[in-house]
Amino acid sequence: MKVVIQRVSEAKVSVDNKILGQIDQGFCLLVAFADEDNDETIEYMARKIANMRVFSDEEDKMNLSIKDIDGQILSISQFTLYADTKKGNRPSFTGAGNFETSKSKYEQFNNELRNHDLHVETGEFGADMQVALTNDGPVTIIMER
């Protein structure tokens, strides 16, 4: 499982010019799965993201979690995080998980985030989406397990 975490002041996702998900302050997550990812992986990643302290406290130190600031999450599925660029000029995506299995894992991951009392908006799994965001900081963290 791979997740790109972007601290944002706002973010939205659209399909065919229709907004499917929109948040204010929080995280925009780009999420991809491999076939070997399991319940333990999903629970671990959701817990780490829910408790990650990258928001500024009153002394302007990254010391607060998304829960501490009542932040929101925009979760976007993105299999291209598994691009292998070692050979040739066209990336290979064979490391990405099976479509149906990954869709199920994506839904499970978002529900696990919600189990941490987080508000989660999503795009549409497998769709051609347009994502707009304002990266705050910028703060971008890549997690892989």
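Overview of results
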{"item": "Residue 12 - accessible surface, heavy atoms, 1.4 Å probe, Å² rounded to 10", "result": "80 Å²"}
{"item": "Zone of residue 44's modelled label, taken as backbone nitrogen in the stretch 105-145 under 12 Å from a point 7 Å along Cα→Cβ", "result": "144-145"}
{"item": "Cα→Cβ-extended label distance, 7 Å offset, between residue 80 and residue 111, nm", "result": "2.9 nm"}
{"item": "Nearest-10 value in Å² for the accessible area of residue 114, using the 1.4 Å probe", "result": "100 Å²"}
{"item": "Carbon + sulfur, % of accessible area of the stretch 38-92 - ligands and nucleic acids excluded, 1.4 Å", "result": "41 percent"}
{"item": "Tensor-based shape of the stretch 17-67 (alpha-carbon gyration tensor, a/c under 1.5 rounded, otherwise prolate or oblate)", "result": "oblate"}
{"item": "Potential lengthening between residue 119 and residue 63 on full extension [0.36 nm per residue; Cα-Cα distance subtracted]", "result": "18.1 nm"}
{"item": "Cα-Cα over 28 Å, subset of 2/86; 48/87; 18/48; 2/61; 48/86; 12/87", "result": "48/87; 18/48; 48/86; 12/87"}
{"item": "Accessible surface, the chain, averaged per residue in Å² (probe 1.4 Å)", "result": "57 Å²"}
{"item": "The stretch 41-86: C-alpha gyration tensor shape, a/c 1.5 cut-off, then a/b vs b/c", "result": "prolate"}
{"item": "Packing-based order for 34-42, 66-74, 22-30, 98-106, using average beta carbon neighbours within 10 Å, highest first", "result": "22-30, 66-74, 98-106, 34-42"}
{"item": "Net length gained if the chain between residue 135 and residue 35 were fully extended (0.36 nm per residue, minus Cα distance)", "result": "33.0 nm"}
{"item": "Tilt relative to the chain, helix 99-115 - C-alpha long axis, 0 to 90 degrees, to 10", "result": "10 degrees"}
{"item": "Cβ-based charge dipole, the stretch 1-118, positive-most Cα from 33, 88, 23", "result": "88"}
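The values are calculated or read from the model by the stated rules, or taken from the named source; none is laboratory data. All values derive from a computational prediction rather than experimental measurement. Every residue, glycine among them, receives a Cβ derived from its backbone with ideal geometry; neighbour counts consider all protein chains shown. When the accessible area is computed, the model is the full protein with side chains, heavy atoms only, and any ligands, DNA or RNA have been set aside. Shrake-Rupley method; radii C 1.70, N 1.55, O 1.52, S 1.80 Å.
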